[in-house]
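The values are calculated or read from the model by the stated rules, or taken from the named source; none is laboratory data. Just so you know, these numbers come straight off a predicted model, no measurement behind them. Note that we place each Cβ from the backbone using ideal geometry, even for glycine, and neighbour counts take in every protein chain shown. Surface areas here come from the heavy atoms of the whole protein model, side chains and all, with no ligands, DNA or RNA. Shrake-Rupley method; radii C 1.70, N 1.55, O 1.52, S 1.80 Å.
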Amino acid sequence: MSFPDRETVLDFITKNPSLTTKQEIARGLKVKGRERQTLRAILRELESEGVLERTGKRAWAKADTPPPTGVIVFESIDEHGDLIARAVGRDGAFGPAIHYAGYQGKSRGPAPGVGDRGLAKVDETGGEYRAKLIKLFEKGDEETPMTGRFERTPKGGRIVPANRKDKRSLLISESDRNGAEDGDLVTALPKPGKPAGPAFGVVTEVLGRMDDPRAASLLAIHAHNIPVEFPKDVLNEVKTIKPLSCRREDLTGIPLITIDPHDARDHDDAVYAEKLDDGWKVIVAIADVAAYVRPGTALDREAQKRGNSTYFPDRVVPMLPFELSADACSLRELEDRPCMAVEMIFDESGTKRKHRFIRGTMRSAAKLSYEEAQAAIDGKTGGKGDAFLEPVLKPLWGAYEALGQAREHRAPLELDLPERRVEIGEDGNVSAITTKERFDAHRLIEEFMIQANVAAAETLEAQGAPLLYRVHDQPSDAKLAALADFLQTLDMKWPLGERPQTGRFNRLLSETRETDHADVISEVILRSQAQAVYHPENNGHFGLNLAKYAHFTSPIRRYSDLVVHRALISSLKLGEDGLTKEMAASLHDLASHLVDTERRSMAAEREATDRYLALYLSDKVGAEFEGRITGVTPAGLFIRMAGTGADGFAPISKLSDEYWVHDEGSMALIARGSGKRYEMGQIVRVSLEEVTPLQGGLLLEVLSLPRPRKPGQKTPGSRGGRTGPRGKSRGSMSSKPRHKRRKKGGKRG
């Protein structure tokens, strides 16, 4: 038998848990020469089998034993109120539960919560692992890697950050570039250094090349630490998982159908409607994810950590493994699936009389796209929806029309802003930028999902059960004051001091819909709204104008919905896989974590889309476009370009040689002398001057004349700037050199 062998390596790691790197293991076993290749092969083999867990680039620990000192993540609170953690490896959390036992020695720091990470010492006492914190990592701590493009230099290289807001410059020594070549996209960790000295780092991973079509999403995924690969214990669990056995109602004879985007990868909701003598019966059936993803399992821990699926133009990073999200839990056509359903009875005016929740088995009668369903209703024959027109689609539309009366009376906020779609071709490159069409089919599904979500919140509240509400607070006084100031510049009034109401916003939108100000008013109203959050205490949903609301309809892609399913299962006694006492006790922490993961995904999705748009426009530098000013700052103008919907920036230093002042109230840049103005919502002609696909940035030059001074206009304060004789902006928040401008005869003010 060759040396070293598996048993020798495992025995050494067991007896020396603090010696974790390949170099330390090799030194401890006195491995030399070609024996190092054997050791490397053994370590990789043990890792692939799940016996060892990788804790670093070249470090391992036994998968069933946390290392004595390492990174831990706090995952839950047990029935005794103790904070429970697990060790963190390269592929996520692993090993047994670790009980939190305070800080190491005399150290003190902030109290950790669920989702936090820290460096800790771990020991075993009486078969139980206990952790003492050395340091609690803060969000944005330096253990978070930088993502960017590697550029070679004579002494190694440097990293150009992919994040536009990251102003750091990280130098890489030759010994720390780890195979990175000029132009590679990499992640790098900052190294400890002197505060006044240059910042150095070490390349930890080469992600690919900027010319790779997948780069836009890859950068966003790594920059926001979105987990992509599922840990081995999760994948092993999925191979053997079966839905929990429980008493179910047979819904397979009801022609429930799914209506989704044509390229949907999963189907977690199905609908059915039936005309009654005095109203309508509507059934909304949702995939029974709780039957597969049970509390305390590796699968559940990973789903909770991810919080939600993240959607990019070229891929989805799912909350659940593909075997569940696109197969076992997906309501596939003509296949039996476990479901959680709500049956709702409405009167002729769309007012709900009663509802009940069902744990059942369903069989989707058809998988239709929005376009197919709408075409059948509109009388366009020859499509897949034809066969379901009379028995399924017409009753659905009849129920939707009835619910429309109740919706009109409820008056939710009617903001219907266009949504851009990045189309990816077979080669992985952007093939087109389109505006998503909105059909009645979309609105029908949205309305039925809203009703199901309301029913879930009502039932759990009536049962006195723990609940994660979806809360959307009313606009703050400060945001309403800013809205009123802006409307005043348009000679419109907004009543301050009154309780905000969606109906008042809707009247403003309706009154201005056919005016030149329609788009800008929609934009400003949108910005005045609070962001929706998850919370165990109810504060209503302002935008939908609902007193109580919870997310129930998407448990394949949102962990919040799975929590609501479990709460329904527990409170209605629908099975043994409901909400645990431990999870119920930690809903505050869980809500905060899910808000964080949702915001993380939104930021990553937005960044990836910006990069795809920049790549799409990279060969159009010098071209002219029409755009609309969507943001006004002391540094310049944000402009949304027509056609693509891409957002670019025009620095104040390039507007003209006048002194430009930022007037916050009117959302405008005003020339101090002439009073000319560039203002929010203004249509302008722009030239695309520069594209930076790495950051997703577009630099624009405004070619259109500013608008003339308004009658009676007063010159605002001095927050602004003009371009001085050396091309520097004076008195402005923008101090970048002025770019040379092409002369555009007669187009300068």
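Side notes on the structure shown:
- Accessible area per residue for the chain is 47 Å², calculated with a 1.4 Å probe on protein heavy atoms, without ligands, DNA or RNA.
- The Cα center of region 1-71 and the Cα center of region 307-370 differ in position by 45 Å.
- Within region 269-426, the proportion of C-alpha pairs whose separation exceeds 21 Å stands at 62%.
- Amide H contacts of residue 129: 99, each under 5 Å away and 5 or more positions distant or on a separate chain (H built 1.01 Å from N in the peptide plane; Pro and chain starts excluded).
- In a DSSP loop and with at most 14 other Cβ atoms within 10 Å, the GluC sites (Glu not before Pro) in region 543-613 are 576.
- Taking amide H as placed 1.01 Å from N in the peptide plane, the amide H of residue 556 sits under 5 Å from none that are at least 5 places away or on another chain.
- In region 37-178, the convex hull through the Cα atoms has an average projected area of 12.0 nm², a quarter of its surface area.
- Fraction of accessible area attributable to carbon and sulfur, region 399-480 (%, probe 1.4 Å): 43 percent
- Region 469-542 shape via C-alpha gyration tensor axes, a/c threshold 1.5: prolate
- Within straight-line reach of residue 155, meaning a Cα separation under 18 Å, sit the following aspartates and glutamates at least 8 residues removed in sequence or on another chain: 174, 176, 181, 182, 184.
- Near the amide H of residue 102, within less than 5 Å, lie the amide hydrogens of 133, all on another chain or at least 5 residues away, with H placed in the peptide plane.
- Sites residue 592 and residue 351, calculated FRET efficiency, Cβ-Cβ separation with R0 35 Å, nearest 0.05: 0.45
- Shape call, region 71-130: gyration tensor on alpha carbons, a/c limit 1.5: rounded
- In terms of distances greater than 31 angstrom between alpha carbons, the cross-link table entries 135/548; 191/479; 380/436; 22/191; 121/305; 242/354 yield 135/548; 191/479; 242/354.
- For region 556-700, diffusion coefficient by Stokes-Einstein and Kirkwood Rh (Cα), 4 °C, 1.567 mPa s, µm²/s: 69 µm²/s
- Estimated dipole of the chain in Debye, rounded to 20 [Cβ of Lys and Arg +1, of Asp and Glu -1, Cα centre]: 4000 debye
- Charge-dipole axis of region 321-418 as Lys and Arg at +1 and Asp and Glu at -1 on Cβ define it, positive-most pick from 358, 374, 385: 358
- Cα gyration tensor category, rounded, prolate or oblate, for the chain with a/c compared to 1.5: oblate
- Percent accessible area from carbon and sulfur atoms, region 184-316, protein chains only, probe 1.4 Å: 53 percent
- Neighbours of residue 535, meaning other residues whose beta-carbon lies under 10 angstrom from its beta-carbon, give a summed charge of -1 when Lys and Arg score +1 and Asp and Glu score -1.
- Axial C-alpha extent at least 30 Å, average Kyte-Doolittle at least -0.5 - helices from the chain (DSSP): 440-463, 587-617
- Cross-link reach list, aspartates and glutamates versus residue 232, counting only Cα pairs under 16 Å and skipping chain neighbours closer than eight places: 45, 47, 49, 53, 64, 91, 300, 302, 323
- Surface listing: 678, 616, 272 arranged by accessible area from highest to lowest gives 616, 272, 678, probe 1.4 Å.
- Largest-first principal axis extents, alpha carbons of region 578-648, Å: 61, 28, 17
- Ellipticity at 222 nm from helices only: DSSP H runs of n ≥ 4 in the chain, each -39500 (n - 2.57), divided by the residue count, give -8000 deg cm²/dmol.
- Relative packing of peptides 213-221, 125-133 - highest average C-beta neighbours within 10 Å first: 213-221, 125-133
- Region 534-606, accessible surface, carbon-and-sulfur percent (1.4 angstrom probe): 48 percent
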